[in-house]
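A short write-up of the structure that comes next.
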Amino acid sequence: MRKTVAITLLALGFLCLILCAAFTVVQLTADETGWFEQEFTKLALAEDMGMTLGDLGASVRTLVNYLNGQTETIDVLVTVNGQQVRMFDLDIEIVHMREVKALWQWFVGARNVGMLLAAVLCLIGVVLDGKDALRNVCWGYFWALGAFLVLAAFAGTWAAINFDSFWTAFHKIVFPDSENWLLPMESRMIQMLPSELFRDLVMRMGGRMLLIFLALAAVAVLILVIQQRRQRAKEALNMPQDRPKTPAEELAAVQGPDMLAVHKRANMTVSERRKLLEEQERQRQALATPDEGDEADFRDAALDTPVESRKRIEFAPADEAAQAKSVEEDDDYDELL
């Protein structure tokens, strides 16, 4: 029960952390003016709008700075068809960006609170089951990443099939009480930021998120593998020595050292090693399942030992001639004494 609660808290904490990291990726990607200029070039927006690529880049930087609170207005002067004008001259553009800025700043505050909440949840989860803290952290991240990938897969599939429908639904969710995001076609803001550009932007941000989160998942897998190997090594060291030996261990004890390994270190040739291996296999089979012939050979070999030979001589039966000769030798020895 304690482990389950700990992993659940860690999963919630990592899910908050993943969402916070996702918004940070959005911030960093939106600040890449060079990438926007590449998109402007690919979509030929500067020529269609009668503007220079530098003016379009400056307009994007103004919008991003406004969202981050670095400027108070979105006013920027550009040259359109040789005339200097205000880039965003429609009231609906100003109102819409005011709403976007409020939403953007709300996400910034939610990201900061979410990181604090993630730290608290993860800390409680680690303290709750400190014995397996590292393993629980990895599994908590896996659960959080799985939940995020399910949402990302759903949104990504929807955007890939019908991006306009996805983009419309997104604006209705984040701006439920406003339709100021429905800019007219004469708006330079909508001309500068068409749906094709936003589609590439979403795919770019999604790819970066997946790369980061999957890399962290690979690190978590590596940690679990290393921990499992260490646990196995520890169990092997703590294994009781008086446990029953397996048949293979008993056979190894009877055979003595592994002569094949010794000869390998002595640069034995392949053919010699093969012969030695065959001989060892034959001996192993003989020791494992001895037959009557092997038992007879063993008894004959035992009789050739010095002790058994003495027993055979001492207790061997003698005929009458041999006994008479032995008596005569004893009598001669007595006369000499």
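Since every read-out is calculated from the coordinates, none of them should be taken as a lab result. Keep in mind that what you see is a predicted model, and the values were worked out from it rather than measured. Cβ: placed from backbone, ideal geometry, glycine included. Neighbour counts: every protein chain shown.
Brief remarks follow.
- A simple packing score, the average count of other Cβ atoms within 10 Å per residue, orders the peptides 11-18, 47-54, 275-282 as 11-18, 47-54, 275-282, with the highest score first.
- Lys3-Leu103 FRET efficiency (beta carbon distance; Förster radius 45 Å; 0.05 resolution): 0.70
- Cα-only Debye scattering, segment 30-142: base-10 log of I(q)/I(0) at q = 0.10, 0.11, 0.16 Å⁻¹: -0.51, -0.56, -0.81
- From the largest down, segment 109-235 spans 73, 27, 20 angstrom on the principal axes of its Cα atoms.
- As a calculated quantity, the FRET efficiency between Gln228 and Gln283 at R0 = 45 Å, using C-beta atoms, amounts to about 0.75.
- A simple count of charges around Asp200, restricted to other residues whose Cβ falls under 9 Å of its Cβ and scoring Lys, Arg +1 and Asp, Glu -1, yields +1.
- Charge dipole (Cα centre; +1 on Lys/Arg Cβ, -1 on Asp/Glu Cβ; no other charges) of segment 78-203 amounts to roughly 440 debye.
- Alpha-carbon centroid distance for the pair segment 33-55 / segment 88-111, whole angstrom: 23
- One chain, two ends: Leu134 and Gln84. Fully extended at 0.36 nm per residue, the span grows by 11.9 nm beyond their Cα-Cα distance.
- Computed E for Leu77/Phe198 - FRET, C-beta separation, R0 22 angstrom, nearest 0.05: 0.30
- Selected from Leu210, Leu197, His171, residue furthest toward positive end of dipole (segment 161-218; charges at beta carbon): Leu210
- If the Kirkwood radius is taken over C-alpha pairs of segment 118-169, then at 10 °C and 1.306 mPa s the Stokes-Einstein diffusion coefficient equals 121 µm²/s.
- Counting charges near Ala159 (Lys, Arg +1; Asp, Glu -1) among other residues having Cβ under 13 Å from its Cβ returns a value of -1.
- When only Cα pairs below 8 angstrom with a gap of at least 6 residues are kept, segment 52-159 shows a relative contact order of 15 percent.
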